[in-house]
1. Quick check: Cα centre of the stretch 149-197 to Cα centre of the stretch 208-277, how many Å?
2. Rank by packing, highest mean first: peptides 250-261, 286-297, with packing defined as the count of other Cβ atoms within 10 Å averaged across residues.
3. Which of the chymotrypsin sites (Phe, Trp or Tyr not before Pro) found in the stretch 64-130 are in a DSSP loop and have at most 16 neighbouring Cβ atoms, other than their own, within 10 Å?
4. Fewest to most neighbouring Cβ within 10 Å: what's the order for S112, S83?
5. Tell me which label goes with the value of Rg/Rh (Cα atoms, Kirkwood Rh) computed from the coordinates here: [x] 0.95; [y] 1.27; [z] 1.08.
6. Working out 0.36 nm times the residue gap between T265 and E232, then minus their Cα-Cα distance, what length gain in nm do you get to one decimal?
7. So, R0 is 25 Å and r is the distance between the beta-carbons of A194 and R156; what FRET efficiency does that work out to, to 0.05?
8. Neighbour counts of other C-beta atoms within 10 Å: give me L163, L110 arranged from fewest to most.
Amino acid sequence: MWAILAVAIVTSATRVGGVLAYRRVAPKRMTLEQARLWERAYSVPAIVFTIGIALLTVRVFAAGWTNGEILAIGLTMALTAGSCARTLRYWLCATVSTIALGALIAMLLLSSDPVRIGIAALFALYLWSVYESSRHIVGQVEALLIAERELDAAARRDPLTGLANRRAFDEALAAASDVGGFALLLLDLDGFKAVNDHLGHAAGDELLRQVAARLADTIREGDTLSRLGGDEFAVILPTMDATTAKAIADRAVSAVGMPYAVFGTPAIVGTSVGIEVVHDGARVDGEAVKTAADRALYAAKHAGKGRSVVATAA
C-alpha cells in the first residue's frame with residue numbers, strides 16, 4: 001500500500017514539475033519533434049500515476065476496506081474528469097480513463113453483490129461517455145487550433161503573390177538581427193509604374209505574380225523572400241559573404257529583366273537591388289540594416305538602375 005502511495009506521490013510531483021517546466025521554457029512555436037517530446041514528457045508520468053491509482057483501487061477492494069474503496073472511487077472520478085477536461089490528446093485521455101475505470105469496474109464485477117455489479121455497469125456507461133465527450137472536445141479544439149494556424153499563416157502571407165508579407169519579413173529580420181551573419185537584399189522594380197498605368201491594375205498584378213515567381217527561382221533553400229508592398233521585395237540570405245549575396249542579387253536582376261507576356265501583351269521591367277551584409281556574432285538593429293540596404297538601393301537607382309550595389313560604411 002505504501003509503495004503504491006509513494007509511486008503516486010512521485011509521479012504527481014513529476015507531472016507538476018513537467019507542467020511548470022513547459023510554462024517556463026517551452027517555445028510558443030514548436031516543431032513537430034518538439035511537440036512530440038513535450039507530449040511524451042507529460043503522458044508518461046500521467047500514465048504511471050494512473051497505474052498507481054488503479055493498483056490502489058485493486059488493493060483496497062481486495063482488502064475490503066470500505067473507506068479506501070470510497071477514496072479510490074473519488075480519485076478515479078476526479079482523475080478521469082480532469083484528464084478529459086485538460087488533455088488535448090484523445091489517445092491519452094482514453095488510455096488514462098480505461099486504466100483507472102477499468103480497474104474499478106473489474107473489482108466491482110468480481111464481487112457477488114448485485115448492487116456493486118449494477119454500479120460497475122454505470123461506470124462502464126460513464127467510460128463510454130468519456131470516450132465520446134473526449135473525442136468531441138478534442139475534435140473541436142483541434143479544429144480551432146487549425147483555424148488559428150491558418151489565420152496566422154494568412155496574416156504572414158501576401159495574398160497577391162503568395163510570398164511572405166511585410167509582417168513576416170519584419171519578424172524574420174528581427175530574428176536574424178539577434179544573431180547576425182546574414183545579408184539583406186532590398187529590390188525595387190524599374191519601370192513597373194509605366195506598365196501598370198498603360199496596361200491597367202489587373203495586368204500590373206499579374207506582372208507582380210510573374211516577378212515573384214522568377215525571384216523565387218533565383219533564391220536558395222533557406223533564403224527568405226518577401227513582398228513588402230507595391231513593387232518592393234526583400235530577401236534575407238543566411239550568409240555574410242558579400243560576393244555570394246551580390247551573385248544572388250545579380251541573378252535576380254537578370255531574371256527579372258527578361259521579357260514578360262502579360263495577358264498576351266509584351267512587357268518589360270527591371271529591378272535594382274541594395275545589399276547590406278551583417279557579420280556574425282553581433283546583435284544589430286534591424287532598422288539600421290534596412291536603412292543601409294535602402295541607401296544601397298538608392299545608389300543602384302542613381303547609377304542607372306538594373307543593377308545591384310553593396311552598401312558601404314556610412
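What follows is calculated from the coordinates using simple rules that are stated; it is not laboratory data. Note that the structure is predicted; figures quoted are calculated from it, not measured. Cβ: placed from backbone, ideal geometry, glycine included. Neighbour counts: every protein chain shown.
1. Measuring centre to centre over Cα atoms gives 12 Å.
2. Packing order, densest peptide first, comes out as 286-297, 250-261.
3. The qualifying sites are W65.
4. S112, S83
5. Structure-derived value, by its label: [y].
6. Residue separation times 0.36 nm, minus the Cα-Cα distance, leaves 9.6 nm.
7. 0.20
8. L110, L163
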